[in-house]
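Here's the structure, in structure tokens; my notes come after.
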Amino acid sequence: MINANAKNYQTFIEEELAAASATEWMAAGEGQVRYGEGKEVEINTLNTTGLGDYDSTKTDGSAYPAGAVTSKWTGHTLAMDRGVKFALDHSAPEDISFPATVENVIREFAKTQLAREQDAYRIHRLYALAAEGEYAATNVMTADPDGDDMVDKLCALAQNLEDASQRTGGLVAMVAANLKNRFLQAASGNYNTVTFDQQVDINGITYSHVMMVNDLPCIFVPSARMKTAIAVQSGRDGQTAGGIEAGAGAKDIYAVIAACDAPLAISKVDSLKQFGPEENQLFDGTAIQARYLYDLVVPQNKLAGIGALVQA
């Protein structure tokens with residue numbers, strides 16, 4: 001058995017997700033998460049108190065009112081514990097070099113299957129948090145693409161989020177790709193500024209072909225990844241294709257908007273092993289086993305900055 005270095009493969013995965021995922025801009029930054037064993041992590045939340053009155057008559061060091069900074073680490077168990085096993089026949093030409101083959105397989109898996117699954121999970125999770133939270137009445141809106149001006153609808157949702165979160169700007173939208181023509185049609189004659197095929201950097205991830213609605217970057221996402229209900233496939237018993245599909249009674253999500261610092265996507269390769277033909281006792285070839293853990297959280301004090309535009 002060859003014990004693969006999971007950190008190396010984590011790098012390969014992150015590179016592919018940066019190019020293929022619509023939600024990789026949500027990935028937790030350095031210092032935001034502490035990884036423990038298995039599914040256990042700790043998430044940092046930073047809070048400060050507000051301003052008080054300065055008193056120039058105080059000469060004893062108390063002219064400035066005392067403030068407080070709270071840095072709190074909270075334990076969290078990652079919700080998604082996923083795995084896969086690939087088999088590469090020894091007689092195949094591409095199986096000659098085991099390390100190169102494993103890297104190629106992991107990269108292909110990341111840019112196709114993993115990007116698709118994580119996008120679906122993260123977008124659904126944001127919708128669910130918005131729909132179940134105290135701001136649902138204003139931050140979850142319905143729309144009819146056949147009758148509504150989708151640009152106006154999107155702008156109205158963004159305005160609601162800015163008001164609820166008491167911030168101006170700093171929002172990112174993910175828009176169902178099958179609605180691009182609707183936005184093109186609505187853009188003509190609309191009083192909002194709408195431009196297409198822009199390149200935008202969001203939290204260190206560069207996206208091309210972005211639609212800008214005023215100052216709101218909109219990333220187009222395949223509509224199959226934007227559903228109000230999802231069904232996580234087990235990879236067994238008739239669900240061998242794996243991944244995530246639309247759940248029972250799912251409605252379309254037309255757009256999700258989030259403050260750029262609100263979602264915290266956490267993921268890690270928990271283990272990745274490869275067994276060459278000499279070690280593998282099950283067949284004459286290389287076996288690759290990967291366990292991947294992930295989740296998405298939004299701190300309580302940032303829930304006001306997420307919302308969704310959904311099918312009526």
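The values are calculated or read from the model by the stated rules, or taken from the named source; none is laboratory data. Keep in mind it's a predicted model, so treat the numbers as computed, not measured. With ideal geometry, Cβ positions are generated from the backbone for all residues, glycine too; neighbour counts draw on all protein chains shown.
Does any residue of the stretch 219-236 turn out to be among the small types (G, A, S) and either modelled with pLDDT under 95 or in contact with a Ser or Thr (Cβ under 6 Å, 6 or more places away or on another chain) (or both)?
Looking for residues that are among the small types (G, A, S) and either modelled with pLDDT under 95 or in contact with a Ser or Thr (Cβ under 6 Å, 6 or more places away or on another chain) (or both), one finds at least one in the stretch 219-236, hence yes.
Could you say which residue among A186, A173 is in a strand (DSSP E or B) and either surrounded by 21 or more Cβ atoms within 10 Å (Cβ to Cβ) or of a type in the set (D, E, K, R) (or both)?
A173
Please go through the stretch 185-225 and give me each residue that is charged (D, E, K, R) and either within 25 Å of Q311 (Cβ to Cβ) or touching a Gly at 6+ places or on another chain (Cβ under 8 Å) (or both), ordered by number. Write out each step before concluding.
Step one: list which residues in the stretch 185-225 are charged (D, E, K, R), which gives 197, 201, 215, 225.
D215, R225 - these are the residues of the stretch 185-225 that are charged (D, E, K, R) and either within 25 Å of Q311 (Cβ to Cβ) or touching a Gly at 6+ places or on another chain (Cβ under 8 Å) (or both).
Can you run down the residue pairs with Cβ atoms below 7 Å, 6 or more apart or on separate chains, where the first is in the stretch 122-151 and closer than 19 Å to A224 by Cβ and the partner is of a type in the set (S, T, Y) and outside any helix (DSSP H, G or I)?
Hits for this filter: R122/T23; I123/T23; Y127/T228; A143/Y254; P145/Y254.
For residues that are of a type in the set (S, T, N, Q) and surrounded by 15 or more Cβ atoms within 10 Å (Cβ to Cβ), scanning just the stretch 136-170, find the one that is nearest to A187 (Cα to Cα).
N160
For the stretch 64-72, does any single residue satisfy the condition of being touching a Ser or Thr at 6+ places or on another chain (Cβ under 6 Å), surrounded by 10 or more Cβ atoms within 10 Å (Cβ to Cβ) and more than 30 Å from I219 (Cα to Cα)?
yes
Name, by its number, the condition in (1) modelled with pLDDT of 95 or more; (2) farther than 30 Å from D148 by Cα that does not hold for A255.
Of the numbered conditions (1) modelled with pLDDT of 95 or more; (2) farther than 30 Å from D148 by Cα, the odd one out for A255 is (2).
In the stretch 235-252, which residue that is of a type in the set (G, A, S) and surrounded by 10 or more Cβ atoms within 10 Å (Cβ to Cβ) is nearest to T142 (Cα to Cα)?
The selected residue is A250.
Kindly provide the set of residues from the stretch 115-153 that are polar (S, T, N, Q) and more than 19 Å from the chain's Cα centre (by Cα), ordered by number. Working first, answer last.
First, pick out the residues of the stretch 115-153 that are polar (S, T, N, Q): 118, 138-139, 142.
Those that are polar (S, T, N, Q) and more than 19 Å from the chain's Cα centre (by Cα): T138, T142.
Identify the residue in the stretch 47-92 that is under 30 Å from T286 (Cβ atoms) and outside any strand (DSSP E or B) and, among all such residues, is modelled with the lowest pLDDT.
Out of the qualifying residues, it is A92.
Go through the stretch 278-301 residue by residue and tally those that are among the charged types (D, E, K, R) and modelled with pLDDT of 95 or more.
1
Kindly establish whether V194 is among the aliphatic types (A, V, I, L, M) and without any contact (Cβ under 8 Å) to a residue 60 or more places away in the chain.
Details: among the aliphatic types (A, V, I, L, M): yes; without any contact (Cβ under 8 Å) to a residue 60 or more places away in the chain: yes.
Considered against the rule, which asks whether it is among the aliphatic types (A, V, I, L, M) and without any contact (Cβ under 8 Å) to a residue 60 or more places away in the chain, V194 comes out as yes.
Of all residues in the stretch 1-45, how many are surrounded by fewer than 18 Cβ atoms within 10 Å (Cβ to Cβ), among the acidic types (D, E) and either at pLDDT 85 or above or assigned to a strand (DSSP E or B) (or both)?
Number of matching residues: 5.
Of all residues in the stretch 189-202, count the ones that are surrounded by 18 or more Cβ atoms within 10 Å (Cβ to Cβ) and either of a type in the set (D, E) or in contact with a Pro (Cβ under 9 Å, 6 or more places away or on another chain) (or both).
0
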